[in-house]
1. Every residue in region 233-252 that is among the polar types (S, T, N, Q) and touching a His at 6+ places or on another chain (Cβ under 9 Å), please.
2. Say we look at region 347-374 and pick out the residues that are among the acidic types (Asp, Glu) and free of Cβ contacts under 8 Å to residues at least 12 places away in the same chain; which of these is nearest to Leu12 (Cα to Cα)?
3. Being of a type in the set (A, V, I, L, M), within 16 Å of ligand 2 (Cβ to nearest atom) and touching a Phe, Trp or Tyr at 6+ places or on another chain (Cβ under 9 Å) is the filter here; which residues of region 144-160 pass it?
4. Can you spot a residue in region 216-224 that is more than 21 Å from the chain's Cα centre (by Cα), outside any strand (DSSP E or B), surrounded by fewer than 15 Cβ atoms within 10 Å (Cβ to Cβ) and outside the structural domain of Phe348 (by the TED database)?
5. Quick check on Cys269: is it surrounded by 20 or more Cβ atoms within 10 Å (Cβ to Cβ) and not assigned by the TED database to the domain that holds Asn50?
6. If I filter region 339-358 for residues that are of a type in the set (Ser, Thr, Tyr), touching a strand residue (DSSP E or B) at 6+ places or on another chain (Cβ under 6 Å) and outside any helix (DSSP H, G or I), do I get at least one hit?
7. Can you tell me which residue is surrounded by the most Cβ atoms within 10 Å (Cβ to Cβ) among those in region 19-46 that are in contact with a strand residue (DSSP E or B) (Cβ under 9 Å, 6 or more places away or on another chain) and without any contact (Cβ under 8 Å) to a residue 60 or more places away in the chain?
8. Give the residue, chosen from Ile42, Ile68, Ile16, Ile75, that is among the hydrophobic types (A, V, I, L, M, F, W, C) and farther than 29 Å from Glu311 by Cβ.
Amino acid sequence: MSVITNLTRMWLTRSIKPFQFKNTSEKLLYTDCENLGLYVHIPFCKNICNFCPYCKTVYNEEKCESYIESLLQEIHYVGKQSTEKKEVTSLYFGGGTPALAANRIKDIIKALEKYFIITDGMGIELHPENVTISTLQTLKDSGITKISIGIQSFQTKYQSMLGREAINAVAMAQALAAVPFETVSMDFIFALPLQTYDDLKNDIDTAFANGANHVAIYPFIDFSFTETKVPAMRKNEKQKLLDEITVYCLGKELLRTSIWTFASEKHACYSSMTRDNFLGFGCSATTLLKDQFKINTFSVEEYCKKINAGEIPTSLTLKFSLRQRMIYYLFWTAYSTKVSSNDFKKFFGVSLKKMYGLEFGIAKLLGFFKEENGIYSMTLKGAFYYHYYENFYTFAYIDKMWGLLRKEAFPKEMKL
Ligand SMILES: C[S@@+](CC[C@H](N)C(=O)[O-])C[C@H]1O[C@@H](n2cnc3c(N)ncnc32)[C@H](O)[C@@H]1O
Ligand code: SF4
């Protein structure tokens, strides 16, 4: 698998140089970044799911409180690097299950608002058991405008396959109706063994009938370091399922907002990934700027220790070459299913045609993209192959990096 990603990387970066991550950190030059977003990671869950790759640990009130005190210090440390308040697009709380700290979300937002002006709303992830009127009200009163609920599946057979509890969709719908949000997204996992088009269609219909205006359908990924015994679906079956469900969603006039997300209302959106630059706070949080990518330590204990010692909790940093940054940009922009030549030119000061005209020409010939007025829109075929390639990317980069960071809080370096 890494042969494919290595060759692609060499071709697209026009270099044999790997992505070289080092255990160094430099001042974060974010003040001149446009389209900057914020991300805050809260790594606590009531129960740990054996299929989940994210950085998380079992919830404990005392541990969570001391983690949040460290998080606030990290925010002040980074925020103080700028003398003026910086305009940012959105703020997302991810995890773990950040809604477990619902009563501290206001304090975190207040700390961020000392340094940033958030223009396009704030989102947070919830486990279905957090969808109660009181938790939703606390989140709304704190300023949250978008929520994302990890449903996985409404069906008992898949819930038990994934080790998740049954969901009371009626009680959830009542709570969501009592405390409305601009975006209510529900997460599903697809490509589970023997999962059919009807299973998925039922899940999507149930979501929209019970308070969602946005759904995310993630392909199941069997990470090397997780303990799940659930096998991944075969390529052909997966393509058929993805194509069928996409056609179903488009037929229902849902808006495709990214490879895996669909919205029933124009204003509904939930994506912490498709932002040109972002600052991440908390353990395992990543920061992406014009010249660098950095990732914080995955260890909650080491994160708090570093912060208490007045140091920053960065574990690895990658200083981008220009072409490396370009492919990173293109990969995540393509995730939204559209790439704009104008936006590329604005970001890099050089035309997309000059840098990647050949590649986009080939992609058009292969039927992966259609082009109109400098906007490349992904076709159904393109979306499947993006999704297919993303699988290699996940194993060659994310699986390796997270696998290492789960074992070592501050590795010396890593080459990918
Ligand atoms: C942080 S969780 C969402 C909030 C909450 N912790 C929960 O589980 O309900 C993020 C989402 O990632 C997705 N996810 C986790 N592990 C996955 C895997 N192995 N493959 C695909 N999606 C996965 C699930 O859909 C999950 O809802
Ligand atoms: S899927 Fe959600 S609840 Fe389960 S371990 Fe991952 S973050 Fe926690």
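1. Taking region 233-252 first, the residues among the polar types (S, T, N, Q) are 236, 239, 246.
Result: Gln239, single match.
2. Glu371
3. Here is the first cut: in region 144-160, the residues of a type in the set (A, V, I, L, M) are 144, 147, 149, 151.
This time we only want the ones that are within 16 Å of ligand 2 (Cβ to nearest atom), so: 147, 149, 151.
The answer is Ile147, Ile151.
4. First pass over region 216-224, keeping only residues more than 21 Å from the chain's Cα centre (by Cα): none.
No, the conditions are met nowhere in region 216-224.
5. Values: surrounded by 20 or more Cβ atoms within 10 Å (Cβ to Cβ): yes; not assigned by the TED database to the domain that holds Asn50: yes.
Yes.
6. In the first step, residues of region 339-358 are kept if they are of a type in the set (Ser, Thr, Tyr); the result is 340-341, 351, 356.
Checking the rest, the ones that are also touching a strand residue (DSSP E or B) at 6+ places or on another chain (Cβ under 6 Å) come to 340.
Among the residues that remain, those that are also outside any helix (DSSP H, G or I) are: 340.
Among the residues of region 339-358, at least one is of a type in the set (Ser, Thr, Tyr), touching a strand residue (DSSP E or B) at 6+ places or on another chain (Cβ under 6 Å) and outside any helix (DSSP H, G or I), which makes the answer yes.
7. Keep residues of region 19-46 that are in contact with a strand residue (DSSP E or B) (Cβ under 9 Å, 6 or more places away or on another chain), which gives 19-26, 28-31, 33-46.
So of that shortlist, the ones also without any contact (Cβ under 8 Å) to a residue 60 or more places away in the chain come out as 31, 44.
Details: Thr31: 11, Phe44: 22.
Ranking the qualifying residues of region 19-46, first place goes to Phe44.
8. Values: Ile42 fails: farther than 29 Å from Glu311 by Cβ; Ile68 fails: farther than 29 Å from Glu311 by Cβ; Ile75 fails: farther than 29 Å from Glu311 by Cβ.
Within the list Ile42, Ile68, Ile16, Ile75, the selection yields Ile16.
The values are calculated or read from the model by the stated rules, or taken from the named source; none is laboratory data. All of these numbers come straight from a predicted model, not from anything done at the bench. Using ideal geometry, Cβ is built from the backbone for each residue, glycine included, and neighbour counts are taken over all protein chains shown.
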